[in-house]
Amino acid sequence: MSKPVVYPLSQPANGAGGPTGTWRTERPVLSPEKCTGCLLCWIYCPEGVISKKDRSINYDFCKGCGICAVECPKKAITMVKEGGQ
Amino acid sequence: MKKILDTGNAACALAVKAAKVDMVAAYPITPQTSVAEKLAAYIGSGELQAKYLPVESEHSVMSAVAAAAAVGARVFTATSSQGLLYMHEILHYAAGGRLSIVMANVNRAVCAPWCLYVDHQDGVSQRDTGWIQLYAASNQEIYDSIFLAYKVAEAINIPVMVNYDGFLLSHSMMPFEIVDQEIIDEFLPVFQPDWRLHPDWGGTFGNVTPSDEYAPFRNRLADDMIKAGELIKNYAREYKELTGHWHGDLFDVYRPEGGEYFLLSMGSMAAEMELAVDILRKEGIPATGLRLRVFRPFPGAELSRLLPPDAKLLVFDRNHAFGTGGGVLLSEAKSVLFDRKDQVKITGQVMGLGGEDLPGDYLAQKAREMMEVLK
């Protein structure tokens, strides 16, 4: 018998849930002069928003969890309040 | 085909072996334990080429078989009573995920107080999880129902629970006929899911959905559940043509000729009910036995079709629907017959809880009491 699609399946898609970066209260800011390119931030980022190439951060989807700032051994990433000074 | 003498749990395990499942996960609980043990032995000896996953709880059992079903395996598990209750959360997940799981539930009373013997409270308490539920009344029917369960589950992507009474069937020796493997293979070919979780596919399963996407999934499950009734009827007939084994389709009707009083029940008590029907018929009472084989989807139209105008329906429940004054079958029967324009009368009693013995003469006496109520 032919079956209609009944399974709750989904494919990953860029931003299917909207720009989740709007959830952020703090944003990670990279100081390139302190960065050694060890890529620990890239490995630890749960959202995959840090570029492997140049460590630029995609703020459309960064939720501001701060894991990258904690993991950075050179303290090259600082968390800055959104909407503040 | 050959006839053997063995227990209900042995019949169940033999059928699962013949169904050539790929994976079994189980956690032991009385009176299910010997099913899990026999399957472990079959896999250990190589008689059954499958993975056996011993896990630490029933919640993990259902999670494991759900995951295995999602990667495309034909899976099996068995449980009872508290074990089934512990699975409850994942039962919803398995049905909503449209996973073709087959599980045996060896019916046993639920706590408290603690009790090891049969009633149907465990099974009927899972009424609204979206699982198809079959109830067997003999070791032969347990054996045959396993194949029917896989056939239905894999055709319509809804998990199936095969219920049978603890100890009365699970531990009682009865002769039953084993079907030749070639016939089983013909009825139940290798499982070919039309989708499976795989790294190459790269998608996800059961992801978060907004309301407008969630509702259609759940409504489709509800619609397909209704369609499953017709599938069960067709496949039971197909199986009969191949094997000669027949237990009825949605109902097993005993002595339908000229019936006026209809004695509705399920499980082994419904087989015993045939003795009660014989006793009543001898007294000149036109009694008919209705053994419900399929509790979910509830065969309401079929029940209505079986009842002639002004029939009297006596419902024997081995469970409580707390807060309704009766059992679950009574509530279900009343609800599906509400639209009847004639004067169908319905009453019911709860009995046989925690393995209380229900011999034929006792059931006949209960039927007489119910007839008095309807006078």
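Taking region B:3-80 as the region of interest, the strands (runs of 3 or more DSSP E) fully inside it that hold 2 or more residues being open to solvent by 20 Å² or more (accessible area, probe 1.4 Å) are B:51-54. Scan region B:149-164 and tell me whether some residue there is open to solvent by 10 Å² or more (accessible area, probe 1.4 Å), more than 22 Å from B:LEU53 (Cα to Cα), in contact with a His (Cβ under 7 Å, 6 or more places away or on another chain) and within 14 Å of another protein chain (Cβ to nearest Cβ). No, region B:149-164 has no match at all.
If you go through region B:190-218 and keep only what is within 11 Å of chain A (Cβ to nearest Cβ), assigned to a helix (DSSP H, G or I) and without any contact (Cβ under 8 Å) to a residue 40 or more places away in the chain, you end up with B:GLU213, B:TYR214, B:PRO216. For region A:41-85, taking the residues that are over 9 Å from the mean Cα position of the chain (by Cα), farther than 13 Å from A:THR25 by Cβ and of a type in the set (Val, Ile, Thr), the one that is least open to solvent (accessible area, probe 1.4 Å) is identified as A:ILE77. From the list A:GLY37, A:GLY15, the one residue that fits, being under 30 Å from B:ASN219 (Cβ atoms) and of a type outside the set (Lys, Arg), is A:GLY15.
Residues in region A:15-54 that are within 14 Å of chain B (Cβ to nearest Cβ) and not hydroxyl-bearing (Ser, Thr, Tyr) were compared, and the one that is nearest to B:PRO210 (Cα to Cα) is A:GLY17. Per the listing A:THR25, A:THR20, the residue uniquely open to solvent by 40 Å² or more (accessible area, probe 1.4 Å) and among the polar types (S, T, N, Q) is A:THR25. Counting only residues that are within 14 Å of another protein chain (Cβ to nearest Cβ) and either in a loop (DSSP other than H, G, I, E, B) or of a type in the set (Ser, Thr, Tyr) (or both), region B:81-119 holds 6 of them.
The values are calculated or read from the model by the stated rules, or taken from the named source; none is laboratory data. Just so we're clear, the structure is a prediction, and the values are computed from it rather than from any experiment. Because the Cβ atoms are built from the backbone with ideal geometry, glycine has one as well, and the counts that use them run over all protein chains shown. For the accessible areas, the whole protein counts, side chains as well, though only heavy atoms, and no ligand, DNA or RNA atoms are used. Shrake-Rupley method; radii C 1.70, N 1.55, O 1.52, S 1.80 Å.
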